[in-house]
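Notes to accompany the following structure.
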């Protein structure tokens, strides 16, 4: 019996209704793809028609706090739970407010890349990371006993912990660390037939290391494996890795995208299709990876985003491009001041021409839809950097403790300037040896510059540094 024959007339009626709705959504998607980045960030796929027909004319996307969706009858329930019609069903699976954020993020990451994309929003950046990598670390029938993946060691401390403890120590999956992410030969030397994916973070937190995104994607694809990149600190306003061949982009939405600091969230965005040699019979696994994760692993593990957090993120997303432009310019001025300060022996900022990773960042980090007057986009390098205080580690602590305006916290990406000492906060659990390998010395202060007047931030840094 065919799928069409096995459903009742009532179920078929709902399928027909859904086809009309999906056709309208498809037209809206194609229309939205022609808009500029800022327009997509402001509106996403929330159309005038949807506002009037479904949401009582609400200009801003509504917040759906209900935990579950009610259905008109058993036929609609069957159609929905069989994935035959659009549904959100239960907020562990999905939510209408979260959908609005997912659609906007998918469009922004795919903007001018030539790629179709899909997105899954999660409760945190770490849950997005876990869902992205776990699908490639399953044991295949008649596959090798030992599998591995290759990652830059210059990554966020929580990611390092997840890879080294949750994957390597607890599950016996080998992590092969790359110590110089700009060195393609080092990446090549770590890959073999049992490698499942390549992973990097660009820019990395807190070292501001960078990789050659296109070269790494090409290298991964030559082995029939995906390249996964954490692009949290760049955001799609400054870099869209799909344009260079990346398969999956991870974000901690808690950071630069939700600059207000009012919400936590993560995002897994995938191109259609991804490259992978993993055998999986589900049609979405390769064709729309983020949707596959949403329908199956995410549904079963439950790291769902709060609808309230999704709305906060969506609201901050609307001004992403102009905000990242302002914060990048502020950071460049502050970093320039620190580079000349006698109490600072090193500044790690992608906008400094003397910095090791500046050439790679210049190649990839550009303010979307900007123009230098010659038809080229303007380089912007984000609002994260670090500086290293001269003398023993106690000097860095003294400077850190002396801030009057800059907030002391383990956070980043805020509209307010925030600093931390990674060796005793975000990267504490790595241990001294791993921190040394990842170039995270105790003299390092990580600074994420906000939207204050940069002269006020400079004055705060100056008074504290001069206390030494």
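The values are calculated or read from the model by the stated rules, or taken from the named source; none is laboratory data. Since the model is a prediction, treat every value here as computed from it, not as a measurement. All Cβ positions, glycine included, derive from the backbone under ideal geometry; neighbour counts span all protein chains shown.
Things to note:
- Every listed requirement among (1) closer than 29 Å to residue 81 by Cβ; (2) surrounded by fewer than 22 Cβ atoms within 10 Å (Cβ to Cβ); (3) at pLDDT 95 or above is met by residue 329 save one, (1).
- Criterion violated by residue 353 - all others in (1) surrounded by fewer than 20 Cβ atoms within 10 Å (Cβ to Cβ); (2) in contact with a strand residue (DSSP E or B) (Cβ under 9 Å, 6 or more places away or on another chain); (3) not in a helix (DSSP H, G or I) satisfied: (2)
- Residue check, residue 165 modelled with pLDDT of 95 or more, assigned by TED's automatic domain parsing to the domain that holds residue 252 and touching a helix residue (DSSP H, G or I) at 6+ places or on another chain (Cβ under 6 Å): no
- Across the stretch 432-451, a minimum of one residue is classified as more than 25 Å from residue 178 (Cα to Cα) and either modelled with pLDDT under 95 or over 20 Å from the mean Cα position of the chain (by Cα) (or both).
- For residue 35, the criteria (1) part of a loop (DSSP other than H, G, I, E, B); (2) surrounded by 13 or more Cβ atoms within 10 Å (Cβ to Cβ); (3) touching a helix residue (DSSP H, G or I) at 6+ places or on another chain (Cβ under 7 Å) hold in every case but one, which is (3).
- Residue check, residue 164 in contact (Cβ under 8 Å) with a residue 60 or more places away in the chain and either surrounded by fewer than 21 Cβ atoms within 10 Å (Cβ to Cβ) or at positive phi (or both): yes
- Conditions (1) free of Cβ contacts under 8 Å to residues at least 40 places away in the same chain; (2) farther than 18 Å from residue 176 by Cα; (3) over 16 Å from the mean Cα position of the chain (by Cα): number failed by residue 207: (1)
Okay, residues lined up against (1) under 14 Å from the mean Cα position of the chain (by Cα); (2) over 24 Å from residue 89 (Cβ atoms); (3) surrounded by fewer than 18 Cβ atoms within 10 Å (Cβ to Cβ):
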{"site": "253", "(1), (2), (3)": "yes, no, no"}
{"site": "256", "(1), (2), (3)": "yes, yes, no"}
{"site": "260", "(1), (2), (3)": "no, yes, yes"}
{"site": "284", "(1), (2), (3)": "no, no, no"}
{"site": "295", "(1), (2), (3)": "no, no, yes"}
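- Applying the criterion of being within 18 Å of residue 91 (Cα to Cα) and either in contact with a strand residue (DSSP E or B) (Cβ under 9 Å, 6 or more places away or on another chain) or without any contact (Cβ under 8 Å) to a residue 24 or more places away in the chain (or both) to the residues of the stretch 50-78, the residue that is surrounded by the fewest Cβ atoms within 10 Å (Cβ to Cβ) is 70.
- Subset tally (residues that are within 24 Å of residue 38 (Cα to Cα) and crowded, with 22+ Cβ neighbours inside 10 Å) for the stretch 83-102: 5
- If you filter the stretch 128-150 down to residues that are part of a loop (DSSP other than H, G, I, E, B) and touching a helix residue (DSSP H, G or I) at 6+ places or on another chain (Cβ under 9 Å), you find that the one that is nearest to residue 302 (Cα to Cα) is 135.
- Residue match in the stretch 264-281 (condition: part of a loop (DSSP other than H, G, I, E, B), farther than 20 Å from residue 227 by Cα, assigned by TED's automatic domain parsing to the domain that holds residue 95 and modelled with pLDDT under 95): yes
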